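*Asks:* My questions will all concern the structure given below.
Here, each number is a calculation from the coordinates, and none is a lab measurement. Everything quoted here is computed from the prediction, not taken from an experiment. All Cβ positions, even for glycine, are placed from backbone atoms using ideal geometry, and neighbour counts span all protein chains on display.
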Amino acid sequence: MFYAISWFLSFMLLALWSVVCWGVHAVTLWAVSSAGALSAGTSAMNAVLLPEWVRAWMPPQLARELESVIASAGPVVQGALEAVPALSGTVSVLAWALWGLGAAVLLALAIGAHVLIALWKRRGAGPRATAVPVR
């Protein structure tokens, strides 16, 4: 019975791991594939630098410095967003590699649990020490 419970839990963890990897892969692939469409919107980065509620809590000089830092980061962000769609093939390979590594670790843990249960059962079924009667 312990074997069945052990393997059931192992397969459930493997299923959970598979669903998590699939979900992260889907979200990452969506983000990477739509990043090229976002690169056209980086010009709007210079229009809205800081919300008014943030400016109210900051000294004016710090707000100007922060705005200049954000404005200077615009071309860097645009270049990165234009380069990201080229990485969409790499995302799939990386997701499969991580899934395989996690599945191998879970399988090794399941086999280890199986061996530990076998050792525990063998030790429990071994010969019992008996008291030697005194004459």
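*Asks:* Taking 0.36 nm per residue of separation and subtracting the Cα-Cα distance, what length does fully extending Thr28 through Val105 add?
*Replies:* Result: 25.4 nm gained on full extension.
*Asks:* Sticking with the crude label model, points 7 Å out along Cα→Cβ, report the distance from Trp96 to Trp17 in nm, one decimal please.
*Replies:* About 1.8 nm, to one decimal.
*Asks:* Now, a different point. What is the Cα centroid distance between the stretch 1-32 and the stretch 53-83, reported in whole angstrom?
*Replies:* 40
*Asks:* Next question, about the same structure. At R0 = 35 Å, how high is the FRET efficiency between Leu87 and Val54 if r is their beta carbon distance? Nearest 0.05 is fine.
*Replies:* Efficiency computed from Cβ-Cβ geometry: 0.60.
*Asks:* What order do you get for Thr28, Thr90 when you list them from fewest to most C-beta neighbours inside 10 Å?
*Replies:* Thr90, Thr28
*Asks:* Let me ask another. Sort the following peptides by mean Cβ neighbour count (other Cβ atoms within 10 Å, averaged over residues), highest first: 51-62, 16-27.
*Replies:* Highest mean packing first, the order is 16-27, 51-62.
*Asks:* What ranking of Val84, Val115 emerges when the number of other C-beta atoms within 10 Å of each C-beta is taken as an exposure proxy, fewest first?
*Replies:* Going from sparsest to densest Cβ surroundings: Val115, Val84.
*Asks:* Rank-order 68-76, 95-103 by packing density, defined as the average count of other C-beta atoms within 10 Å over each peptide's residues, highest first.
*Replies:* 95-103, 68-76
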